[in-house]
Structures are given as C-alpha cells and as structure tokens.
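What follows is one structure encoded as structure tokens, with my remarks underneath.
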Amino acid sequence: MTNTFCILGNPNVGKTSLFNALTGSYEYIGNWSGVTVEKKVGKLKKNYGNLVDLPGTYDLLPISKDEAVVTRFLLQEDFSGMINIVDASQLRRNLLLTIQLMEFGAPMLMGLNMVDVSAKRGLHIDIKLLMRRLRIPVIPVIARTGKGTHEVLEAFNDHNLSAARMTIRYDEQIESAIQQLLPTFSDLPLNRRHHRFLAVQYLMDNPAVLDFIGPSATRQEIKDQLNLPVKEAILKARQQKITELLDGVITKPAEQKTYLTETIDNIV
Ligand code: GDP
Ligand code: K
Ligand code: MG
C-alpha cells in the first residue's frame, strides 16, 4: 500500500511551495468534490509515497465550503500522517489550527516555515522547547528555497512517526458533555482515538462533522443541556493552551526595534 501524507496549515504559509519542493511529479490533479478548489496529489521524492495539498484554513470550523474539505479529509481519507506547516513569524495565530489537528490525533509533524522572515524580524524561536511542549517533531523550513525539505522528506519515511497527543481541558460542563457524547460515536467508521475530536468539533457545530456523524436526538439533547456559551468557552480554553505552549518559546527583539521593524513593514 502507498503511504499518503497531507499538508495542512493556514492560508499563505507556504503549503504549495513545500508541496512543490517535496514532490517530483503529480499522481493526480482534479477538484475536491463539491468545491472548486483544485485537488493536487503529488508523488514524494525517493518514492516515499503520495502527498496531498489541502486548502488553507485558520480554523477547522470552516467559514466556506472550501475549508470544509479539510475536516472531511481527516475523517474520510486513509492517510499515514500529516505535516502542519506554520508561519514562524505568526506562530500564535497559526497554533489555533495546530492544536485542533493535534486533538484529532494522527501521526503529525510540524514544518516551521518562513524562518528567514522570523529571523529578519529578530524573533528567536526556541524550537527544542516548542518540540518538547508539542511532543511532535518540529522541523525549521524555508519552503521557498527548499531549505529543510530534505529533513521533512526523511521524517515522512520515519516509520516511528507517532500520533499527536493533545488533550485540552475544557470547562467542566463541556467535559461532561464530551463524556456523554463519546458512546454515541461507537458505530461510526472512525477509530476511537478520534472520538474526542468529534465531540469537540460537534459542540463547535463543525458542519463537516455534522454531515459525517448524521443527526441524533441524543446528541442534540446533550448539546441543548449546556447552559454556557459553548463556542466562546472552547475558544478561551484553546487560547489559554496556546499561551501555555508558547510561554518562553519566542523572544522578541527590544521594544524599540520591534516598533521600527513594524514601521518599516508598514511602509514597504
Ligand atoms: P500556501 O497558500 O500555503 O500554499 O502558500 P504558498 O506556497 O503559495 O506561499 C505563499 C507565499 O509565501 C509565496 O509568495 C511564497 O513564495 C512565499 N513563501 C513560501 N515559503 C516561504 C519561506 O520559507 N520564506 C519566504 N520568505 N517566503 C516564502
Ligand atoms: K496562496
Ligand atoms: Mg497553496
């Protein structure tokens, strides 16, 4: 069987650049079903398998049909692992998607892209600390020039790439709802290790998850019993997690220098 990997990340973080650097030729080019986004599957160099380029999104909760492709892919396609490509100069914003992907619980590595940009801005990123916190491989990359792509390719070929483990503790009421929801997923064609992800995304009203699991009066009742703003509470817990994960990871240049850099960025 051919190993299939996928590239996920926010828009404009270098997914396509990395895809091009990692693949030699196309296996397939077409459209994702139901949307006009191009579906590209490339052959990884060294015959390491196939690579799927997915539409960029800031959140798994889709704001367009195009973005729903990402959750549908996670739930319905057979894949060996994923690379989450993030913009090193926008780490905090990028991690909102990262932690949701980690909650899914598939083999995963992070491509820390645009390290040339973050270096130019004087940001120092403690990659070892970030890796210890995330417990997945974090590989610095400059997708535009191909730097780090060899390491990514070899990481795909590492058969010990293990599933991401990330449990965010939500509000007590939400945790209790999750526990009640889990048994309602037992008949679905999806490994049990992804069921907590389903419960959280169901509580967020992710339409791709609703389509996948189908309607259920029991689940609706569990959701209706919650008397707190669910989405806000989940988002707050995620933001707190991101703050914990990044604590001490990024060192910014002195305030004045930051100010000057930002001013220059705004001018050019
Ligand atoms: P996608 O939207 O995630 O597929 O991102 P693209 O691969 O289309 O890249 C978006 C833009 O960022 C393009 O102009 C790329 O040339 C540029 N880019 C990609 N990777 C890097 C990088 O590592 N460093 C820099 N400076 N630019 C990059
Ligand atoms: K783009
Ligand atoms: Mg792209």
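At R0 = 22 Å, how high is the FRET efficiency between Glu244 and Arg193 if r is their beta carbon distance? Nearest 0.05 is fine. Intermediate values should be presented prior to the final figure.
On the way: r = 23 Å, r/R0 = 1.05.
For Glu244 and Arg193, the calculated efficiency is 0.45.
Calculate, in nm to one decimal, what Asn12 and Thr36 gain on full extension: separation in residues at 0.36 nm each, minus their alpha carbon distance. Each step should come with its number before you reach the end.
Values: separation 24, 0.36 × 24 = 8.64 nm, distance 1.82 nm.
Value of the extension gain: 6.8 nm.
Where Lys and Arg each count +1 and Asp and Glu each count -1, what net charge lies around Ser25 among other residues with Cβ under 13 Å from its Cβ? Can you show the working numbers first?
Working: positive: Lys40, Lys43, Lys45, Lys46; negative: Glu27.
So the surrounding residues net to +3.
222 nm [θ] for the chain, helices only, -39500 (n - 2.57) per DSSP H run of 4+, per residue, to 500?
It lands at -13000 deg cm²/dmol.
From the convex hull of the Cα coordinates of region 40-152, what is the mean projected area in square nanometres?
On the way: hull surface 30.3 nm².
Averaged projected area of region 40-152's Cα convex hull equals 7.6 nm².
Tell me, in nm to one decimal, what length is gained between Lys223 and Ala119 on full extension, where the rule is 0.36 nm per residue of separation less the Cα-Cα distance?
Answer, rounded to one decimal: 32.9 nm.
Through the Karplus equation 6.51 cos²θ - 1.76 cosθ + 1.60, θ set to phi - 60°, convert the phi angles of region 139-144 into ³J(HN,Hα) values in whole Hz; use x for Gly and Pro.
Couplings: 10, x, 9, 10, 4, 5 Hz.
Take the cross-link list Lys40/Lys236; Lys15/Lys46; Lys15/Lys65; Lys43/Lys65; Lys39/Lys252 and give me the ones stretching past 31 Å between alpha-carbons.
Working: Lys40/Lys236 35 Å; Lys15/Lys46 20 Å; Lys15/Lys65 19 Å; Lys43/Lys65 27 Å; Lys39/Lys252 38 Å.
In this structure, Lys40/Lys236; Lys39/Lys252 lie more than 31 Å apart at Cα.
Every number here is computed from the coordinates shown, using simple stated rules; none is lab data. From a predicted model like this one, the values you see are computed outputs, not experimental measurements. Reconstructed Cβ throughout: ideal geometry from the backbone, glycine too, with neighbour counts over all protein chains shown.
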